[in-house]
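Since the structure comes first, as structure tokens, the remarks are kept for the end.
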Amino acid sequence: MRTYPGAVTGGIAVLALLAACGAPGDPVDGGGESAGPVTSVDELPDGAQIGVPNDPANLGRSLQLLAGEGLITLDPEVEGSVTEQDIAENPRGIQFVPLEAAQLPRSLQDFDAAIVNGNYAIEAGLNPAEDAIVLESGEDNPYANGLVAQGENADDPRVEQLGALLNTQEVHDFIAETYTNGSVVPAFTPTGPAADVQPLDDPGEPLRVGVSPVPHGEILGYVDSELAADAGLDLEIIEFSDYVQPNLQLADGELDANFFQHRPYLAEFLAGQGEGEDFQYLTDVHVEPLGLYVYGG
Amino acid sequence: MLTELAERWDELGPLLFDGTYATLYMVGWSTLFTALFGLPLGVLLYATERGRLLPAPWLRAVLGAIVNIGRSVPFIVLMVAVLTFTRFITGTTIGPTAAIVPLTLGAIPFYARLVETSLREVGRDVIEAAEAMGAGRGTIVAKVLLPEALPGLIAGLTVTVVALVSYSAMAGAIGGGGLGDVAIRFGYQRFDELVLLLCVVLLVVVVQLLQSLGDLAARRLSHR
């Protein structure tokens, strides 16, 4: 029989010591309690913790929205999407905690406030029109999401057909009826009913389109199940839980088109690719206005 | 590449330092708790088997099922599924401290299975000898089984630590930060290859160090 060598207890002690040095970047509850429910940015306590989406398409946009409210100022020299590293002035010591966008409404009660995309807000039972203390405008919003194809594919009749279907009255109504209270807003003027879209003579191979699941995949799913067949279009929808692959796969020709991004994100992707890709942004479809929400607000 | 690193050091240094620290923090604590809860669970899995110290097939079946469920849930789903429990334990669902809870819950069943496997390696003759000397169950576990299996237990813990380093890359989803999060958000999503490369290099170094440490400990302990 043996006893335990000191090395084991020693090892555990070292681990504990390391861990006991304190939490790195743990959100510290710095702010004083504010009286009553917060209804505006001005009422947020100093040192408030604000949850923001951690993907590049929405993080920069969130910080821009808050900068527009005068909460922070951003480094004017940074182009494209800013990150929490590009905050120039933060007079009220606001702490930004980047999280997975879908996680933000679930963790709302642990923040003083959090930025939530319209589509996630509605799924979490928030009402953008009423609950958001700051809400992006749905109209003339530069962050409209739309259909993107690579240069030569932009003239593909199947891609053009999909673009035409996405701008019909039916899709407009689908978005307005499915995503109520301004959570997702159509960003196009309907061209007319889908029945007016001339059907393709030959559908050919299925059109492979990469999408984000919500709401892009749902909108395209509606087009696929209700409109595509009559328009002679065969769709293959591939969902991505990632914001980088749909563009890389489009560049590689594994996709014929994608529908997950807004123009500023595409512009930044193209800039990052150097001489790179000849992508065409074809048509606006919808906006998911970001809002700043507080728990129970 | 080195000149770029030198030029951008003011920006990258803190990012990488905080990331490394957050990774070590999350992995350190979750390893500790994993050992604390995984070891007894592994012992129970071993001891309740038919013909072992404490035969209880029904208990073993229940524990085995729980362990298998824990091991089959994708980590990102587990993290979201246990939010309420996380809030109960740490008071919040966000940040590196909150991430320790799902990391630990994910690693306990993994380590418990490794413990069970190591204990099976201990020869029956050793246990029978202890029984013949009149040792009780508790004594056999504490004075025979665990010391005999110690190198295997340490090696298993090392495997678990390295798995935790890799799990912790997903902690960014709940604001845990860490090198994996820096790699994904600043390297991958923003096409910053320098950041991506540096994070990977740092992760490799961390894993190498942990593995060497584990190997060293296991080797020292197997010299009888």
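Axis of helix A:263-272 versus longest Cα principal axis of chain A: the two differ by about 80°, to the nearest ten degrees. Oblate is the label for region A:32-121. Its Cα gyration tensor axes, ordered a ≥ b ≥ c, give a/c of at least 1.5 and b/c at or above a/b.
Which of the helices in chain B, when you take each full DSSP H run, stretch at least 27 Å along the axis at their Cα atoms and have an average Kyte-Doolittle score of -1.0 or higher? Passing helices, by number: B:9-47, B:96-120, B:146-168, B:193-222.
When peptides B:75-85, B:32-42 are sorted by average Cβ neighbour count within 10 Å, with the highest value leading, the order is B:32-42, B:75-85.
In region B:159-186, the residues that give up 50 Å² or more of accessible area when the other protein chains are added, compared with the chain on its own (1.4 Å probe), are B:173, B:185.
Peptides B:185-196, B:205-216 ranked from most to least packed by the mean count of surrounding Cβ atoms within 10 Å: B:185-196, B:205-216.
Per residue of peptide B:132-142, the mean number of Cβ atoms on other chains within 10 Å of the residue Cβ is 1. What the protein assembly as shown shows is 45 Å² of accessible area per residue, with the surface traced by a 1.4 Å probe over protein heavy atoms. Measuring heavy-atom accessible area with a 1.4 angstrom probe and counting protein chains only, the residues of region B:89-113 that give up at least 20 Å² relative to the chain alone are B:93, B:94, B:96, B:97. Between residue B:143 and residue A:273, the modelled label-to-label distance comes to 7.1 nm, taking each label 7 Å out from Cα in the direction of the beta carbon.
Per residue of B:22-28, count partner chain C-beta atoms within 10 Å of its C-beta, then hand back the mean as an integer.
Per-residue shielding by partner chains comes out at 5.
Distance from the Cα centroid of region A:276-297 to that of region B:140-181 is 40 Å (rounded to whole angstrom). Here r is the Cβ-Cβ distance between residue A:244 and residue A:92 and R0 is 30 Å; the resulting FRET efficiency, rounded to 0.05, is 0.35.
Relative contact order for chain A: 24 percent, from Cα pairs under 8 Å spaced at least 6 residues apart, divided by residue count. Expressed as a whole percent, the accessible surface of region A:145-287 that belongs to carbon and sulfur atoms is 44, based on a 1.4 Å probe.
Compute the Cα gyration tensor for region A:60-178, then decide on rounded, prolate or oblate, letting a ≥ b ≥ c be the square roots of its eigenvalues: rounded whenever a/c is under 1.5, prolate when a/b is larger than b/c in the other cases, and oblate in all that remain.
Verdict is oblate for region A:60-178.
Quick check: from the Cα gyration tensor, does chain A come out rounded (a/c under 1.5), prolate or oblate? Here chain A falls in the prolate category. Shape summary of region A:145-287, radius of gyration then Dmax from alpha carbon positions: 14.3, 42 Å. Short-range pairs are left out: with C-alpha atoms under 8 Å and at least six residues apart, the relative contact order of region A:145-287 is 42 percent. A Stokes-Einstein calculation at 25 °C with viscosity 0.890 mPa s, built on the Kirkwood radius of region B:93-222 over Cα pairs, returns a diffusion coefficient of 144 µm²/s. Kindly state, to the nearest 0.05, the FRET efficiency for residue B:220 paired with residue A:254, given R0 = 51 Å and r defined as their beta-carbon distance. Plugging the Cβ-Cβ distance into 1/(1 + (r/R0)^6) gives 0.50.
When only alpha carbons are used to place a centre, region A:222-266 and region A:146-164 end up 10 Å from one another.
Residue B:81 to residue B:211: extension gain in nm, 0.36 nm per residue of separation minus the Cα-Cα distance?
Computed gain between residue B:81 and residue B:211 is 43.7 nm.
When the other protein chains are added to the chain by itself, burial of at least 50 square angstrom of heavy-atom accessible area (probe 1.4 Å, ligands and nucleic acids ignored) affects these residues of region A:96-126: A:103, A:110.
Between B and A, buried accessible area from a 1.4 angstrom probe totals roughly 3600 Å², ignoring ligands, DNA and RNA.
Using all pairs of distinct alpha-carbon atoms, the Kirkwood hydrodynamic radius of region A:133-213 works out to 14.6 angstrom. Projecting the Cα atoms of A:93, A:70, A:125 onto the charge dipole of region A:36-138 (Cβ charges, centred on the Cα centre) puts A:125 farthest toward the positive pole.
Estimated from helical segments only, the mean residue ellipticity of the protein assembly as shown at 222 nm is -15000 deg cm²/dmol, where each DSSP H run of four or more residues counts as -39500 (n - 2.57). Computed from point charges on the beta carbon alone (+1 for Lys and Arg, -1 for Asp and Glu), the dipole magnitude for chain B about its Cα centre is near 920 Debye. Using C-alpha pairs under 8 Å with a sequence gap of at least 6, the mean separation divided by the residue count of chain B gives a relative contact order of 27 percent.
Shielding value for B:9-18 is 1, the average number of Cβ atoms from other chains within 10 Å of each residue's Cβ. Accessible surface of chain B, 1.4 Å probe: 68 percent of it comes from carbon and sulfur atoms.
Placing one identical point scatterer on every Cα of the protein assembly as shown and ignoring solvent, what is log10 I(q)/I(0) from the Debye formula at q = 0.05, 0.08, 0.11 Å⁻¹? Each listed q maps to, in turn, -0.26, -0.63, -1.01.
The values are calculated or read from the model by the stated rules, or taken from the named source; none is laboratory data. Note that this is a predicted model, so its numbers are computed, not measured. Cβ: placed from backbone, ideal geometry, glycine included. Neighbour counts: every protein chain shown. Accessible surface areas use protein heavy atoms only, side chains included; no ligands, DNA or RNA. Shrake-Rupley method; radii C 1.70, N 1.55, O 1.52, S 1.80 Å.
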